[in-house]
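In what follows, a single structure is set out as structure tokens and then discussed.
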Amino acid sequence: MSILENKINELVKEDIRLASFFQNEKIDFCCNGHRLVGEVLEEKGVDKDAFLLKLENYAHNLENEGEKEDFFKDMDDEELIGHIRVKHHLYTRGVLKELDQYVSSIVKAHYRHDKNLLLEINRLYGSLRTELLEHLIKEEVDLFPLIIEGNFKEASAQILETEKEHDAAGHILQELRRVTNEYTLPAWACETFRAVYHHLEALESDLFRHIFLENSVLFERVLSAK
Ligand SMILES: [Fe+2]
Ligand SMILES: [Fe+2]
């Protein structure tokens with residue numbers, strides 16, 4: 001079977017390090033990871049041969065960097081949930097705490113330089129923050145315990161809503177990329193402004209992997225077992 005006939009998330013499941021490749025190519029592997037590689041390339045008008053060559057080179061270089069990362073395959077649901085909480089939920093809360101301070105500082109310091117940009121960043125960051133903090137606590141208190149208890153029927157009913165929240169966060173991140181012109185720093189950017197762009201991009205990368213582990217690994221297991 002050609003790679004083009006694979007689902008994007010199946011390739012990432014084989015080795016999560018491929019997530020960076022898809023991210024660089026601006027191919028959504030988390031919220032829309034269930035789509036076929038070939039179908040997405042066609043839609044984006046990307047040359048398939050050139051793409052496959054790039055992917056092959058990328059995968060080849062990864063081989064030189066040691067073991068492939070499919071650690072989640074050996075984890076049971078509870079272990080995977082523990083991993084998601086420690087690796088991704090803690091990180092998300094920590095980075096939001098820093099961004100809270102930095103975003104309000106840059107709005108004050110740079111409003112005069114580019115009012116529209118600062119207001120857009122403030123608004124979108126505010127929505128992302130609210131969305132994510134509510135999302136994390138809902139997973140931790142409502143959804144994850146159901147999965148650990150093995151109550152897959154009730155868990156499945158909540159998964160649909162949870163995936164919609166992932167999409168919503170993904171859309172806000174897309175908007176942030178658009179208004180910041182792919183996080184291109186303005187000439188007047190200070191260190192705090194740089195830190196805001198840096199943290200937003202880091203949060204985006206982490207969130208893509210986080211959502212991938214939930215939608216394409218954990219939730220898929222629950223939905224297929226109910
Ligand atoms: Fe999560
Ligand atoms: Fe989530």
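Of note:
- Residue-wise HN-Hα coupling along segment 141-154, computed from phi with Karplus coefficients 6.51, -1.76, 1.60 (Hz; x: Gly, Pro): 9, 9, 7, 4, x, 4, 5, 5, 6, x, 8, 5, 5, 5
- Dipole axis of segment 74-225 (+1 Lys, Arg; -1 Asp, Glu on Cβ), positive-most option in L99, L160, T130: L99
- Nitroxide proxy distance, nm - points 7 Å out along Cα→Cβ at E131 and R112: 3.3
- Listed by chain and number, the lysines whose alpha-carbon sits under 22 Å from that of K48, ignoring those within fewer than 8 places in the same chain, are K7, K13, K26.
- Relative contact order (%) - criterion: Cα under 8 Å, at least six apart; region: the chain: 29
- Charge tally in the Cβ shell below 14 Å around V40, where Lys, Arg are +1 and Asp, Glu are -1, V40 excluded: -3
- Rounded if a/c under 1.5, otherwise prolate or oblate - segment 3-63, Cα gyration tensor axes: oblate
- Ratio Rg/Rh [Cα only; Rh per Kirkwood] for the chain: 0.99
Any read-out appearing in this document is the output of simple, stated calculations on the displayed coordinates, not a laboratory observation. This is a predicted model, so every value here is computed, not measured. So basically every Cβ, Gly included, is an ideal-geometry build from the backbone, and we count neighbours across all protein chains shown.
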